[in-house]
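One structure is given here, and the rest of the page talks about it.
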Amino acid sequence: MELFAGEYDVIVIGGGHAGCEAALASSKMGYSTAMFATNLDNIAMLACNPSIGGTSKGHLVREVDAMGGQMGLNIDDTFIQIRMLNTGKGPAVHSLRAQADKHDYHRVMKRTLEAQPGLSIFQGEIVEIREKSGRIVGVVTALGDYYSCRAVVVATGVYLKSRIIIGEYSVNSGPNGFYPANSLSDNLRDLGFIMQRFKTGTPARVDGNTIDYDKMYVQPGDEEIIPFSFLHDSLTREQIPCWLTYTTEKTHDIIRANLHRAPMYSGEIEGIGARYCPSVEDKIVRFPDKKSHQIFIEPEGKHTNEMYPQGLSTSMPIDVQREMYRSVPGLENVNIMRPAYAIEYDCIDSKELKLSLESKSIEGLFFAGQINGSSGYEEAAGQGIIAGINAVQYIRNRDPVILDRSQGYIGVLIDDLVTKGTNEPYRMMTSRAEYRLLLRQDNADMRLTRIGYDVGLVDDKRYDWFMRKCERVENEINRLKNLILSPTQEVLDYLERKGSSAIKSGISLYELLKRPEIVYKDIEYLGGKQEELLRQDTEQVEVSIKYEGYINKQLRQAQQFKKMESRKIPRDIDYANISGIRLEARQKLSSVRPESLGQASRISGVSPADISVLMVYLEKRKREI
Amino acid sequence: MIFEETIAAIATPPGQGGIGIVRISGPEALEIAREVFVFPGNRTYPFKDRYLHYGKVRDSDNRIIDEVLLTYMKAPRSYTAEDVVEIHCHGGIISVNNILQEVIKRGARLALPGEFTKRAFLNGRIDLAQAEAVMDLVSAKTEKSARISANQIVGSLSEKIGTIRERLLALMAHIEVTIDYPEEDIDEPMIFSIRDGIGEIIGEIERLLRTAEEGKIIRQGIKVVIVGKTNVGKSSLLNALLRENRAIVTDIPGTTRDIIEDFINIRGIAVRIVDTAGIRETPDQIERIGIQRSRQNMDEADLVIMVIDSSEPLGCEDMEILEHIRDKKALILLNKIDKTPVLTRKDVVEELGGDIPVVNTSLTLGTGIDKVEDMIYTMFFKGEIEADHDVTVTNIRHQEALIRAQSQLQDLIEGLDTQMPLDIVSIDLRGALDALGSITGETVTDDLIDKIFSEFCLGK
């Protein structure tokens, strides 16, 4: 019995980090949206580590924020510790990472969703996605409700046919005891998607009262809090520390003695695990010479004693888990409250998607997050916001928003997934970004806020705030260009103190700031403090002046790159007819169906010569029409 | 104009011609010409559109390379519809190559196969009817050069480039891992050790480029490969050809013991002749490698000469070779006709099922050698066999990659000296790796991430 239960523009399946961003984006853009989660208690759940950000992931959060997303605001509201990583390195790789109160994180996000006009939240399992003549028409719930809609965003995370494995024990279950979604996986198969099976895992949660912190090293947060969201220039908050300890020889012995009981080695697990988040047994097998591994003990929140021991992810049986955890200094008497586990789940082959995250075969069907083979909350959120925006753009009959590799980590992430596919859970890394110096966390707003505004996701308040920032930054750069410093005794003394060579004639503050030993604080001293400038303004000014040479170099590279990206390949091209292209390349091109010559050139197995032939073919075609 | 890069290549067929032409096309063609060309008396004049200019080409140390004539064809009235400069120099291998290298050092990129024609088409100079031909040209040439570069992976220069790339990759992985995993207990690489390492690599690139310039690596001419099973008279053929024709270069050093390679001149055509190990099934490891090389040589050949003993019936080794050369330009010698022949031309043609030239010879008596030379000569002038540019081109491409990598590494050192952070100088490292990987189409990111995860223990 099927009941018509309602009609929405966009239906989002899943309430995780991708689902939340997608649902908020489409509803904020003015399109009625329904979000379905199998359990409303797992909305924005931090199922693994209680932290947001980190290298390149912090960049993703800033990008989501810059486009009008929620993740940055939500973590700013709920963090219990925050640190800027890599401050000893260049500005492109400074990365924010926060410890979240995972319960607050869920609660605050749920409240935000509930408060969003045009967005309805339902607890329910979607068992069928319905299409008609290749277009999305609706979804059906396990209870038989039918909802019609114009676009669907699938953001089911690790819930499709998921199975949890702890040593010899296994159970069909989603993370943390939430039940899995089995029917939708089959439905996707019926719709023609090829499913893959991936694996990930998480450490046990242990009772903080049974930890001896005296044997560990304290890891406090930063004294000066730099928030994620561009809307917050500074915040104050009492922070909670993390703790550092190490595995011992004994830990490794216990693991080695029990390897035959580890599902990864006994053949119990068939899913493909990521190199990016290995279990402790993986590390010990793959790097036998390493005598010790770091363990960070991270609090799960303010109102719980549960602690997350980062570095002790395992799928060993519970008795082995207890024994090995207790061989770590400080954990001698530890109580495991929730066991560590490995989880297997179904995901699609991301090569079946367009750069807009829409399916190549069904119009109006979008995918975001772990279902696409990625891993990580931030990667999920980055895809979620794009899928949400493009679901609306599809309904509006407008061009999708596609960020290219020189515009954002989100662009790198989606391009990698869609063009190359992945055979293990994909993690973002700064090393994946060719134009890293352009994709800094400090300039995500400069790169993306306008794009978010143009599609109607960034509201006037944020846009106005952004425009004023741009103006302040520009004025300050001009001021520094025009302010000439004379070699007075005072100036010469100051430079000497800073270990900077003396100036003979006048020099602009702009030029002076380019010296490696001079920082903006010195400029403030020499040229007067500008009271109206915010922390994020001066950061922007300093970075863009100091690294101007390298930034320009990357801009030139990016320009070259964009040229190839702008040469579009018509959708109806038939590669079988282009005889000059090698067979392997022809097959790859036919399966990926790249949208531009640039994207085509990144497909593995497509050579520069194939691209040459393709270029000539496209020109020929153009002239024939 | 669509293309920003300026490209250059040798426009004349390789060999013993009187004149060699280096063609440069693109926005910087004129600028490059100004840098390499000197007018008589060191005076400076503007280049005039569609005029011949007399002067000399010099290298970066101001040494004269050759006396030349230079034409400048202003865009769009040129073959590619871009600014084109052609430098006419003395023929032969040395001069054109040196000039091309100089041009590349000044910023031109080596043209890909068929690229001038491709540009001509994309810039609207050639009509549609010619487009198919362009694509065929590009793809045919490419198939071949892809095969050759793949084979050259075992060649000494690419091997060395491979080693350099591997070292740079390891260095970059070390830098990158400390960026992406700042909290792992991995020490950051020390600036001075990076500086030393890069300095060493720059020195090595320099040495490689010098050897390349001395011409030890560049070999040229039509590649003729002699094959056959053991004891059919392959070496006698080589000796006979060598006796008849003055060798230009003998015994290239560094070639493998089992492959003998010589340059000879057959009636004015430069021929690079290769004698291969006899092909037969063998358990002997060294011999097996030799045989594998023989097969590879056949794949790269412009012409294969197969020697068959006419006094024996066709064996399975013969059949295997015949199978291998089925789609190639080949010439078959029925040797030992002084003995009682059991094989005739007809047998062989039937076996191959196609039209293939067959010559009867007795190499020990010297019968038929003239005929063999005639055949090579005719096939060349009928255009049936074509001198292969690609080996040279592949070598120059390697050099170009080295030059580009070197300049990126010099930028890197400069960056270190101005105290740029490691993640920023790493941009130059990526550039150098990109340059070195461009030959074989290796991409930095995937290799880098593999390297990071194979060398360091990471992850939560």
Output the strands (runs of 3 or more DSSP E) that fall wholly within the stretch A:1-87 and possess 1 or more residues being polar (S, T, N, Q) and in contact (Cβ under 8 Å) with a residue 60 or more places away in the chain, or say none. A:33-37, A:51-53, A:79-85
Turns out the strands (runs of 3 or more DSSP E) fully within the stretch A:148-221 with at least 3 residues that are over 20 Å from A:Glu424 (Cβ atoms) are A:169-171, A:205-207, A:217-219
For the condition at pLDDT 95 or above and closer than 30 Å to A:Gln559 by Cα, what is the one hit in B:Val36, B:Val84, B:Val22, B:Val103? B:Val84
Which of the residues spanning the stretch B:183-199 are surrounded by 12 or more Cβ atoms within 10 Å (Cβ to Cβ), free of Cβ contacts under 8 Å to residues at least 40 places away in the same chain and either in contact with an Asp or Glu (Cβ under 8 Å, 6 or more places away or on another chain) or away from chain A (no Cβ under 13 Å) (or both)? B:Gly197
Which condition breaks for A:Met615 when tested against (1) within 11 Å of chain B (Cβ to nearest Cβ); (2) more than 24 Å from A:His94 (Cβ to Cβ); (3) not in a helix (DSSP H, G or I)? (3)
Considering each residue of the stretch B:324-346, count those that are in a helix (DSSP H, G or I) and surrounded by fewer than 17 Cβ atoms within 10 Å (Cβ to Cβ), and give that number. 2
For residues that are more than 25 Å from the chain's Cα centre (by Cα) and surrounded by 16 or more Cβ atoms within 10 Å (Cβ to Cβ), scanning just the stretch A:545-566, find the one that is farthest from the other protein chains (Cβ to nearest Cβ). A:Ile545
Among the numbered conditions (1) buried (at least 24 other Cβ atoms within 10 Å of the Cβ); (2) within 14 Å of another protein chain (Cβ to nearest Cβ); (3) over 30 Å from A:Val455 (Cα atoms), tell me where A:Asp289 comes up short. (1)
Starting from residues that are exposed (fewer than 15 other Cβ atoms within 10 Å of the Cβ) and without any contact (Cβ under 8 Å) to a residue 60 or more places away in the chain, keep the ones in the stretch A:220-252 and report whichever is farthest from the other protein chains (Cβ to nearest Cβ). A:Thr236
Yes or no: the stretch A:434-454 includes at least one residue that is under 15 Å from the mean Cα position of the chain (by Cα) and without any contact (Cβ under 8 Å) to a residue 40 or more places away in the chain. no
Residue check, B:Val134 touching a helix residue (DSSP H, G or I) at 6+ places or on another chain (Cβ under 9 Å) and at pLDDT 85 or above: no
Return yes or no: is A:Ile402 assigned to a loop (DSSP other than H, G, I, E, B), at pLDDT 95 or above and under 30 Å from B:Thr443 (Cβ atoms)? yes
Suppose we filter the stretch A:254-285 for residues that are more than 16 Å from A:Leu312 (Cβ to Cβ) and of a type in the set (Lys, Arg); how many remain? 2
What is the number of the single condition among (1) within 14 Å of chain B (Cβ to nearest Cβ); (2) hydrophobic (A, V, I, L, M, F, W, C); (3) surrounded by 24 or more Cβ atoms within 10 Å (Cβ to Cβ) that A:Leu24 does not meet? (1)
Looking only at residues in the stretch A:343-395 that are among the aliphatic types (A, V, I, L, M) and touching a Pro at 6+ places or on another chain (Cβ under 9 Å), which one is surrounded by the fewest Cβ atoms within 10 Å (Cβ to Cβ)? A:Leu355
Taking the stretch A:119-138, which residues are in a loop (DSSP other than H, G, I, E, B) and under 27 Å from the mean Cα position of the chain (by Cα)? A:Gly124, A:Glu125
Of these, A:Val320, A:Val328, which one is within 30 Å of A:Met307 (Cα to Cα), part of a helix (DSSP H, G or I), modelled with pLDDT of 95 or more and not assigned by TED's automatic domain parsing to the domain that holds A:Thr430? A:Val320
Conditions: (1) within 14 Å of chain B (Cβ to nearest Cβ); (2) in contact with a Lys or Arg (Cβ under 8 Å, 6 or more places away or on another chain); (3) at pLDDT 95 or above. A:Arg440 meets all but one. Number of the miss? (2)
Residue count, the stretch A:339-367 (criterion: part of a strand (DSSP E or B) and among the hydrophobic types (A, V, I, L, M, F, W, C)): 8
Right, A:Arg582: over 26 Å from the mean Cα position of the chain (by Cα), away from every other protein chain (no Cβ under 12 Å) and farther than 30 Å from A:His232 by Cβ or not? no
How many residues are in contact with a Ser or Thr (Cβ under 9 Å, 6 or more places away or on another chain) and of a type in the set (Phe, Trp, Tyr) when one looks only at the stretch A:539-581? 2
Considering the stretch A:255-283 alone, what residues qualify as being surrounded by fewer than 22 Cβ atoms within 10 Å (Cβ to Cβ), at pLDDT 90 or above and out of contact with any Gly (no Cβ under 8 Å at 6 or more places or on another chain)? A:Arg256, A:Ala257, A:Asn258, A:Leu259, A:His260
Determine whether the stretch A:472-479 contains at least one residue that is in contact with a Lys or Arg (Cβ under 9 Å, 6 or more places away or on another chain) and more than 14 Å from every other protein chain (Cβ to nearest Cβ). no
May I ask you to list the residues in the stretch A:587-609 that are surrounded by 20 or more Cβ atoms within 10 Å (Cβ to Cβ), outside any loop (DSSP other than H, G, I, E, B) and more than 10 Å from chain B (Cβ to nearest Cβ)? A:Lys588, A:Leu589, A:Val592, A:Gly598, A:Gln599, A:Ala600
With the structure loaded, tell me whether B:Val177 is at pLDDT 85 or above, buried (at least 18 other Cβ atoms within 10 Å of the Cβ) and within 14 Å of chain A (Cβ to nearest Cβ) or whether it fails that test. yes
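The values are calculated or read from the model by the stated rules, or taken from the named source; none is laboratory data. Here the structure is a predicted model, which is why all the values come from computation and not from measurement. Glycine gets a Cβ as well: all are built from the backbone with ideal geometry, and neighbour counts include every protein chain shown.
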